[in-house]
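The values are calculated or read from the model by the stated rules, or taken from the named source; none is laboratory data. Here the structure is a predicted model, which means the values were calculated and not measured. Because the Cβ atoms are built from the backbone with ideal geometry, glycine has one as well, and the counts that use them run over all protein chains shown. The accessibility values were calculated without ligands, DNA or RNA, using every heavy atom of the protein model including side chains. Shrake-Rupley method; radii C 1.70, N 1.55, O 1.52, S 1.80 Å.
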Amino acid sequence: MPVQSWSELDLDELCANASVFGFDLDNTLASSKQPMKPEMIARFSELTARIPVALISGGSMAVVTMQVLDVLNEHAVKSNLHVMPTSGSRYYRWLDNQWTLIYAHDLDQPTVAAIESSLERHARELGLWEEQVWGPRIENRGSQITFSALGQYAPVEVKQHWDPDDSKKQALCALVSQDFPDLRVRTGGYSSVDVSKHGIDKAYAVRKLASVMSINVDRIVFVGDRMSPGGNDYPAVMAGARGAAVRNPQDTLGLLDAVLERIPAVSGSHVV
């Protein structure tokens, strides 16, 4: 299924038929493990005041909170946000003035320990246990275990050049999958591998969101930077969401400006 760059889409038609806008996080709304910049905060916050918005990220709730939720401005309507970290295996809503967990598909502790051991063993076998890393290599996100070859906080430019054809990650996935045939092992971001229960990815997230909102999946517009086949944003489009591909947060700003021009403001809304 081809995915178009947002600038190639019929934005009038897209906005007229959208019930919710969904966003990837890293390299879409913000640089990896960095908070959204002020110009993004203003536009993203304003969008939540005009239409329901979903955050569907492979990252943990702690990272989503740091990058997005804690920096929203006073114009944001938090009750309009659907927060789905770890590829939709967890779901949070703003209830009673706090982010409230609605569901979680968490892994039990013996399984977590076995996955972490497998990831380290096979990464070492393949020569992927890098000497220089930025932060932890393996993170337990509750419902997902993520191996980051360069560490959780590696610079985006370094991650992008580490495995441009995905061959390193695919090799690791193949070996870990042999250890856990009942779990899903897949490539995540530029330098990461994710392990979770089968059926939990961004396709699951957009289908679940459509069910919760009682809409068809094609009423969801999903914005992400890894929209090509094999990319971790592509399953959302395969599930039927309308894909809008961006290259980086600056590209997303252009999309948000175009969308805000087409979705009516409500009383009291404001964007810089």
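Can you pull the percent of the chain's accessible area that's carbon plus sulfur, 1.4 Å probe, other chains left in place? It is 49 percent, rounded to a whole number.
Taking the Cα centre of the chain as origin, work out the dipole magnitude from +1 charges on Lys and Arg Cβ and -1 charges on Asp and Glu Cβ, in debye rounded to 20.
I would put it at about 460 debye.
For the chain, the longest principal axis of the alpha carbon atoms and the long axis of helix 202-213 meet at an angle near 40°. Close Lys pairs in the chain (alpha-carbon distance under 24 Å; sequence gap of 8 or more, or different chains): 17. The chymotrypsin sites (Phe, Trp or Tyr not before Pro) of segment 133-208 that DSSP puts in a loop, and whose beta carbon has at most 14 other beta carbons within 10 Å, are Tyr153.
Using +1 at the C-beta of Lys and Arg and -1 at the C-beta of Asp and Glu, which of Leu69, Phe147, Ser211 has the Cα lying farthest in the positive direction of the dipole of the chain? My answer, from the dipole projection, is Ser211.
Shown here for segment 75-182: GluC sites (Glu not before Pro) in loop regions (DSSP other than H, G, I, E, B) with at most 12 other Cβ atoms within 10 Å, namely Glu131. Among (i) 31, 19, 18; (ii) 36, 19, 17; (iii) 53, 20, 13, only one was calculated for this model; which label is it, if the read-out is semi-axes √(5λ) of the Cα gyration tensor in Å? It is the one labelled (i).
Divide, for segment 157-209, the radius of gyration over alpha carbons by 2.2 N^0.38 Å, where N is the residue count.
Normalised by 2.2 N^0.38 Å, the Cα Rg of segment 157-209 equals 1.25.
Helix content alone sets the calculated 222 nm mean residue ellipticity of the chain: runs of n ≥ 4 DSSP H residues at -39500 (n - 2.57) each, divided across all residues, give -10500 deg cm²/dmol. Calculated accessible area for the chain comes out at 43 Å² per residue, all protein chains present (probe 1.4 Å; ligands, DNA, RNA ignored).
Percent of Cα-Cα pairs per 10 Å bin, from 0 to the last occupied bin, for segment 109-197, please list those. Going from the shortest bin to the longest, the percentages are 18, 57, 24, 1. Distance between the 7 Å Cα→Cβ label points at Val212 and Glu261: 3.2 nm.
Backbone amide hydrogens, once placed in the peptide plane, bring Val83 within less than 5 Å of Leu55, Tyr92, excluding anything fewer than 5 places away on its chain. Contact order, relative form, for segment 109-197: 29 percent (alpha carbon pairs under 8 Å, 6 or more residues apart, mean separation divided by residue count).
Here Val158 and Met238 are evaluated by their C-beta separation; at R0 = 35 Å the FRET efficiency comes out at 0.75.
Over segment 8-129, the hull volume per residue, using the convex hull of the C-alpha atoms, is 149 Å³. Placing unit charges on each Cβ (+1 for Lys and Arg, -1 for Asp and Glu) gives the chain a dipole about its Cα centre, and among Thr252, Thr111, Gly240 the Cα reaching farthest toward its positive end belongs to Thr111.
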